[in-house]
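Okay, so here's the structure we're looking at.
The values are calculated or read from the model by the stated rules, or taken from the named source; none is laboratory data. In this text, all values refer to a predicted model and were calculated from it rather than measured experimentally. Note: ideal-geometry Cβ built from the backbone for every residue, glycine included; neighbour counts use all protein chains shown. Ligands, DNA and RNA are excluded from the accessible area calculation, which covers all protein heavy atoms including side chains. Shrake-Rupley method; radii C 1.70, N 1.55, O 1.52, S 1.80 Å.
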Amino acid sequence: MNFIPLAKPSISEEDIENVTIVLRSGMLVQGKNVLILEKQFTEYHKMESAIALANGTATLHLALLASGIGVGDEVIVPAFSYAATANVVELTGAMPVFADIDIATFNISFDKIEEKISKRTKAIIPVHEFGLSCNIGPIVELAAKHKLIVIEDAACALGATAHGKLTGASGDFGSFSLHPRKSVTSGEGGVLLTNNKAAARKIKSLRNHGIDPDKQEMDFIDAGFNYRMTDFQAALVLSQFERLNSNLSYKNQIADIYLSEIKNLAISLPVTPDDYFHTWQTFHLMLDDKISQKEAIVKLREKNIGTNYGAQCIPALTYYTKKYKLDVKKNFPNSFKAYTQGLAIPIYERLTKEEAYYITKCLNEL
Ligand SMILES: *Cc1c(COP(=O)(O)O)cnc(C)c1O
């Protein structure tokens, strides 16, 4: 068996062709593909605005800035996610307030959110972790009751649904990443959804050096960033977006193999609640105390299988430990457990079923 990496993007000959067309055109930035991509994202999600940005961290950052969040404010984030979810809050000067996750779904725990709401709370960033939607309805209701902004971090969950509702289309903002580890990629890229017209205008200005997006002549109304997506990146996304459904359905077939064939009693398998569609950005299983995560990663590497922990327990990272000194094991036991006993195994469009069975066999022998 050749080495099976943890992740591998699927780039077709047609994708390459579509990118090449843009490269040959000479219009590398601010061309028509970015506009078409934005239109497709608004239509797919039935939202008013979709704004293409440089990456999925920029999308979260601009959603916070467009909401006026800064020094003195608090933003509730899950303690288990990719570090970017909390880093963006730090970058605005606000304080991330961590809430533990439910160990069954790896998503932020509704009860823990409620406990963390204070007078300073301005927003919640629920993350649809590993491609499984949060139960977003009650979170949006709770936020409305307390007048909080909801920024859905759907970086991993393009196309995922809960009770028929697509991730990213319930909150004030829906944030997507187009990094190669996600279902659809532009290399680096992101898309931010919103129905808030004033926020959309502000975000379009901030992504483009603060230039007023509604005027013909250049008027610099903000001190902005350059958070734009290039047009050849947009062409790559558009090309891949057409295969989204087949990509997600293939990953569900791989997940079904894992769910039915992994029988090691020291491993717990991920749970998908009824009436949810999982996009399996990551297949994340839990090891019990008998198997060490580090040893499992090394043993599987020896069998030519790439695995890793799935996401970080953010308050346990050096920066957050130094700054907030939180008692992680006591306050975020599930997040800490997922960080130290979780294991992400390969799942992607180019993974063959034969490879999936081989991975299963090796996991059963752990
Ligand atoms: C990938 C990811 C991000 C960051 O996206 P980039 O495009 O890499 O900046 C943010 N949040 C979550 C949950 C992610 O998985």
Check your understanding: Hey, can you rank 29-40, 285-296 by average C-beta count inside 10 Å, highest first?
Key -> 29-40, 285-296
**Study point:** Highest to lowest packing among 341-354, 177-190, scored as the average C-beta count within 10 Å
**Key:** 177-190, 341-354
Point to revise | Cα-based radius of gyration of the chain once divided by 2.2 N^0.38 Å, which approximates compact folds | key: 0.99
**Study point:** Over the chain: helical MRE at 222 nm, DSSP H runs n ≥ 4 each giving -39500 (n - 2.57), nearest 500
**Key:** -12000 deg cm²/dmol
Revision key, fill the gap. Residue 23 and residue 354 label points (each 7 Å along its Cα→Cβ direction) are spaced in nm at 3.1
Revision key, fill the gap. From the cross-link list 204/323; 197/330; 46/251; 165/323; 145/215; 290/323, the entries with a Cα-Cα span beyond 31 Å are 204/323; 197/330; 165/323; 145/215; 290/323
Study note, to complete from the structure: The percentage of Cα-Cα pairs in segment 244-364 separated by more than 17 Å is 61
**Study point:** Axial C-alpha extent at least 24 Å, average Kyte-Doolittle at least -1.0 - helices from the chain (DSSP)
**Key:** 244-261
Check your understanding: Carbon and sulfur together cover what percent of the accessible area of the chain at a 1.4 Å probe radius?
Key -> 53
Study note, to complete from the structure: Rounded to 0.05, the calculated FRET efficiency for the beta carbons of residue 253 and residue 216 at R₀ = 51 Å is 0.50
Review point. Can you give the extra length, in nm with one decimal, that the chain gains between residue 325 and residue 266 once fully stretched, where that is 0.36 nm per residue apart less the Cα-Cα distance?
Key: 18.0 nm
Point to revise | Stretch gain in nm, segment residue 244-residue 146, where the contour uses 0.36 nm per residue and the Cα spacing is subtracted | key: 31.7 nm
Check your understanding: How high is the relative contact order of segment 13-242, given as a whole-number percent (alpha carbon pairs under 8 Å, six or more residues apart)?
Key -> 26
Review point. Each label point is 7 Å from the Cα along the Cα-to-Cβ direction; what then is the distance between the points at residue 32 and residue 223, in nm?
Key: 3.9
Revision key, fill the gap. Of all DSSP beta bridges with both partners in the chain, the antiparallel percent, nearest 5, is 65
